[in-house]
Amino acid sequence: ETVLEIEDLKKYYGRQGNQTKALDGITLQVMEGEFLGIMGSSGSGKSTLLNCIATVIEPSSGKIMMKGTEIHSLKGKKLAAYRGREIGYLFQNFELIDNLTGRENIMLPMSLHNVSDKESSKRLSRLASYLEITDVLDKFPSQMSGGQKQRVAAARALIMDPGIILADEPTGALDSRNAKTLMKKLAGLNQDENATILMVTHDSNAASYCKRILFIQDGRIFHELRRDTPDETQ
Ligand code: ADP
Ligand code: ADP
């Protein structure tokens, strides 16, 4: 089943006559349970693509369909529900709230969307144990290592069981050991919990955990790589 479908997506920044083509006709599909990587160098359009999917910026033309619905036509409650329930965002720099504990950071989306306490604590303990963050749940971000912070952020992205996780250079601020731990956990959640993940990165070690990788340059996909067994030898 197709979760996300993007058709001929274009995004130009700036005024006419002085425009940057950030996306120049992107077409792709993400299937349920896929772990798709998008690789490209700085300036290739990766953040713009994620920001269009996250409805942070408006595309110039083209379509983005989430489970069959064109997302840029959503308004009001439906738009809020799309942002809050269908998308889990994992940022390079964690973006945790400093004066909330790990547990409070993770539970924030749950409380915003009126999920029952019983259901949320069950999901929290399962995710925390899987991500090995149970012992930092009562700590504040300033008391956590970078690797712990990113695993707490991953739990927050996953807590609502979103249709898709958008990961933007999730290993960018981690050393190689923590990056590897995070990628193994994400690959495990993809495998065991059928989490659908779209990750943009320029880290080829991180991308090696993906089953399919699209390469972009100048806002266009120029190559696709599929592998039956993602590289777990490192
Ligand atoms: P990254 O490679 O991590 O995406 P960038 O330096 O490309 O980092 O972008 C960082 C932020 O700055 C992004 O949110 C992007 O939208 C914005 N940005 C990038 N290039 C420009 C630009 N030429 N003018 C204005 N904002 C930009
Ligand atoms: P990446 O994430 O791969 O580094 P971006 O999507 O940030 O790429 O940028 C793609 C192109 O769009 C780059 O040429 C960048 O300078 C430009 N760009 C990004 N954000 C803006 C912006 N807000 N205003 C103008 N140009 C931008």
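Worth a mention:
- Where Asp98 falls short, out of the listed (1) more than 21 Å from Thr196 (Cα to Cα); (2) out of contact with any helix residue (DSSP H, G or I) (no Cβ under 6 Å at 6 or more places or on another chain): (2)
- Segment 140-162 - residue that is charged (D, E, K, R) and surrounded by 16 or more Cβ atoms within 10 Å (Cβ to Cβ) and, of those, nearest to Glu119 (Cα to Cα): Arg156
- When each of Tyr89, Tyr12 is tested for being closer than 24 Å to Gly146 by Cα, among the hydroxyl-bearing types (Ser, Thr, Tyr) and within 16 Å of ligand 2 (Cβ to nearest atom), the lone residue that passes is Tyr89.
- Test: residue in segment 194-204 that is over 29 Å from Ser145 (Cα atoms) and either hydroxyl-bearing (Ser, Thr, Tyr) or part of a loop (DSSP other than H, G, I, E, B) (or both): no
- Number of positions in segment 182-210 that are more than 16 Å from Glu34 (Cα to Cα) and surrounded by fewer than 18 Cβ atoms within 10 Å (Cβ to Cβ): 3
- Flag for Ser42 being within 16 Å of ligand 2 (Cβ to nearest atom), at pLDDT below 95, part of a loop (DSSP other than H, G, I, E, B) and more than 15 Å from Pro162 (Cα to Cα): yes
- Residue satisfying all of: in segment 1-37; small (Gly, Ala, Ser) and under 30 Å from Gly188 (Cβ atoms); nearest to ligand 1 (Cβ to nearest atom) among these: Gly37
- Qualifying residue in segment 173-190 (condition: within 16 Å of ligand 2 (Cβ to nearest atom), in contact (Cβ under 8 Å) with a residue 12 or more places away in the chain, farther than 19 Å from Ser125 by Cβ and of a type in the set (Asp, Glu)): no
- Flag for Met199 being touching a residue at least 12 places away in the same chain (Cβ under 8 Å) and in contact with a Cys (Cβ under 9 Å, 6 or more places away or on another chain): yes
- Tally of residues being in contact with a strand residue (DSSP E or B) (Cβ under 8 Å, 6 or more places away or on another chain) and surrounded by fewer than 22 Cβ atoms within 10 Å (Cβ to Cβ) across segment 169-181: 2
- Residues of segment 87-117 that are at pLDDT 95 or above and farther than 23 Å from Ile133 by Cα: none at all.
- Residue selected from segment 37-68 under the condition among the β-branched types (Val, Ile, Thr) and touching a Lys or Arg at 6+ places or on another chain (Cβ under 8 Å), by the criterion nearest to His223 (Cα to Cα): Ile38
- Considering residues of segment 19-39 that are more than 10 Å from ligand 2 (Cβ to nearest atom) and surrounded by fewer than 16 Cβ atoms within 10 Å (Cβ to Cβ) only, the residue farthest from Ile87 (Cα to Cα): Gly25
- Matching residues in segment 51-61 - criterion: being within 11 Å of ligand 2 (Cβ to nearest atom) and buried (at least 22 other Cβ atoms within 10 Å of the Cβ): Cys52
- Filter result (touching a strand residue (DSSP E or B) at 6+ places or on another chain (Cβ under 7 Å) and either free of Cβ contacts under 8 Å to residues at least 24 places away in the same chain or assigned to a helix (DSSP H, G or I) (or both)) within segment 61-104: Glu70, Ile71, His72, Tyr82, Glu86
The values are calculated or read from the model by the stated rules, or taken from the named source; none is laboratory data. The shown structure was predicted, so the numbers you read here are calculated from the model rather than taken from an experiment. Positions of Cβ are generated from backbone atoms using ideal geometry, with glycine treated the same way; all protein chains shown enter the neighbour counts.
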